[in-house]
Every structure is written in C-alpha cells, then in structure tokens.
Amino acid sequence: MIELKNVSKKYMSRKGSKWVLENINLTIPTGVNVGLIGRNGAGKSTLLRLIGGMDIPDRGEIHRNCRVSWPIGLAGGFQGSMTGRQNVKFVARIHGNAVDAKEIIENVENFAEIGDAFDEPVSTYSSGMRARLAFGLSLAFDFDVYLSDEATAVGDQVFRKKAIAAFKERVGKSGLIIVSHGEAILKELCQSAILLDKGQAIWYEDLNKALSEYHKNQ
C-alpha cells in the first residue's frame with residue numbers, strides 16, 4: 001500500500017512558483033494496476049516521481065509499505081561515462097547481490113535489445129535506447145509496484161508488444177502505476193485510475209469512469 005498524506009509540490013516558472021499538486025490524499029493498494037490520467041501539465045509525471053522517491057514533496061508525506069520501482073520511462077539516473085553493462089552491474093549490486101549480478105546483467109542485455117551499444121557509454125545512447133535499458137533494468141528486480149512513464153511507447157512495435165507482455169506477466173504478483181496518453185494501453189493494462197486536474201487527484205475504482213470524467217472536461 002502507498003499512502004499520500006496532504007502531498008503538495010510546486011515548481012518555479014518565469015511567472016513565479018506554481019503548485020502542480022496541492023494537498024493530495026490517496027491510498028493506492030498493491031496488486032492493482034492504476035492509470036494516471038490528466039491533461040498535459042497536470043502533474044502526472046511529477047506524481048509518479050514523488051511516488052517513486054525520485055523527488056520529494058514540498059509539503060506532506062508519502063508512506064510506501066511495499067517495494068516500489070523507479071519510473072521506468074525516466075532514464076535520467078544512469079552515469080553517462082559508464083557503459084550500459086557497467087550501469088546495470090552497479091545497480092544490481094545495490095539492489096541485489098554479487099551472486100545475482102551476472103544473471104541480472106544477462107537478463108537486461110537480452111531484454112533491452114541494444115546490441116553492441118550495451119558496452120558503449122550511455123552518453124552515446126539515444127533517448128529510446130536509454131529507455132529500453134531502464135525498462136529492462138526495472139523488470140530485472142521483483143518490485144511490489146512498478147512505475148511506468150510512457151514506457152510502453154518506447155521503441156518499435158515489436159518492442160512495445162514485448163513491454164506490454166512483460167507487464168501482463170506481473171499481473172496478480174505486482175501492481176502497476178502507469179502514465180500513458182494511449183487509452184488503449186490503459187484499458188488493456190489497468191482496472192483503476194487517478195484523475196489529476198487543477199492540482200487535485202481523484203481516485204476511481206473503475207478506469208472507464210475516470211476516462212469518461214476526463215473527456216467531459218476536455
């Protein structure tokens with residue numbers, strides 16, 4: 001279970017500070033696939049980063065009573081001067097152990113499908129290659145909740161199908177919180193939703209009801 005208590009987050013802009021999220025109170029159960037829905041700029045990626053611990057709220061608290069992944073589509077945590085292999089090995093030793101590291105590296109290399117680039121510096125990667133590497137690395141560990149920021153839109157059609165299949169394999173064992181502009185993907189993967197609008201967040205048990213409400217305000 002993930003609990004958000006009076007969570008608020010603001011960012012500075014040319015016009016001053018702006019509250020992107022304000023006094024969010026949510027309880028997200030584990031074992032449920034949740035779509036984050038809202039207009040561009042509504043704070044979907046911000047909320048995902050907060051849930052994953054990649055950012056901290058300006059006010060309020062987030063309690064994670066489960067193992068939560070980093071946002072899969074956000075691949076900014078790699079060390080650019082290190083190769084893909086070296087980055088994966090480093091993370092594997094932190095989250096796993098030396099015995100598991102070899103198997104984790106092999107699994108990520110096979111899943112990412114970036115060929116010889118796996119042994120090249122990450123700074124030379126395209127954004128798509130970084131995302132593939134991040135996707136494979138996230139799935140190499142057993143999390144209770146996986147976070148995804150447009151990760152299913154990465155790569156060609158074959159890889160996208162592979163990514164969706166990987167999420168489906170975890171249904172019943174892990175939960176998923178996903179940001180995606182593709183409603184078909186949300187309907188395929190999610191049962192529930194969080195609708196973000198004007199800094200507020202509303203929980204919907206039924207994804208279709210959330211989508212209907214979202215379209216009313218378009």
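The values are calculated or read from the model by the stated rules, or taken from the named source; none is laboratory data. It should be emphasised that the depicted structure is a prediction, and the values quoted were computed from it without experimental measurement. Please note: Cβ atoms are built from the backbone with ideal geometry, for glycine as well, and neighbour counts cover all protein chains shown.
Structure above, values below:
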{"read-out": "Single match in ILE94, ILE56 (criterion: closer than 25 Å to HIS181 by Cα, of a type in the set (Val, Ile, Thr) and free of Cβ contacts under 8 Å to residues at least 40 places away in the same chain)", "value": "ILE56"}
{"read-out": "Answer residue from segment 22-60, given it is assigned to a strand (DSSP E or B) and under 18 Å from the mean Cα position of the chain (by Cα) and is nearest to GLU169 (Cα to Cα) among those", "value": "ASN33"}
{"read-out": "Flag if ARG132 is modelled with pLDDT under 90, touching a helix residue (DSSP H, G or I) at 6+ places or on another chain (Cβ under 8 Å) and outside the structural domain of ILE185 (by TED's automatic domain parsing)", "value": "yes"}
{"read-out": "Residue that is surrounded by the fewest Cβ atoms within 10 Å (Cβ to Cβ) [pool: residues in segment 83-127 that are farther than 17 Å from TRP70 by Cβ and among the β-branched types (Val, Ile, Thr)]", "value": "VAL99"}
{"read-out": "Residues of segment 114-132 classified as out of contact with any Lys or Arg (no Cβ under 7 Å at 6 or more places or on another chain) and either touching a residue at least 12 places away in the same chain (Cβ under 8 Å) or within 18 Å of ASP149 (Cα to Cα) (or both), total", "value": "12"}
{"read-out": "Single condition ARG85 does not satisfy, out of (1) assigned by TED's automatic domain parsing to the domain that holds ILE194; (2) part of a helix (DSSP H, G or I)", "value": "(1)"}
{"read-out": "Pairs with Cβ under 9 Å, 6+ apart, first in segment 178-196 and on the phi > 0 side of the Ramachandran plot and in the same structural domain as GLY35 (by TED's automatic domain parsing), second among the β-branched types (Val, Ile, Thr) and assigned to a helix (DSSP H, G or I)", "value": "none"}
{"read-out": "Residue match in segment 198-218 (condition: assigned by TED's automatic domain parsing to the domain that holds GLY53, aromatic (Phe, Trp, Tyr) and assigned to a helix (DSSP H, G or I))", "value": "yes"}
{"read-out": "Pairs with Cβ under 7 Å, 6+ apart, first in segment 137-148 and touching a residue at least 60 places away in the same chain (Cβ under 8 Å), second surrounded by fewer than 19 Cβ atoms within 10 Å (Cβ to Cβ) and polar (S, T, N, Q)", "value": "ASP144/THR30; VAL145/THR30"}
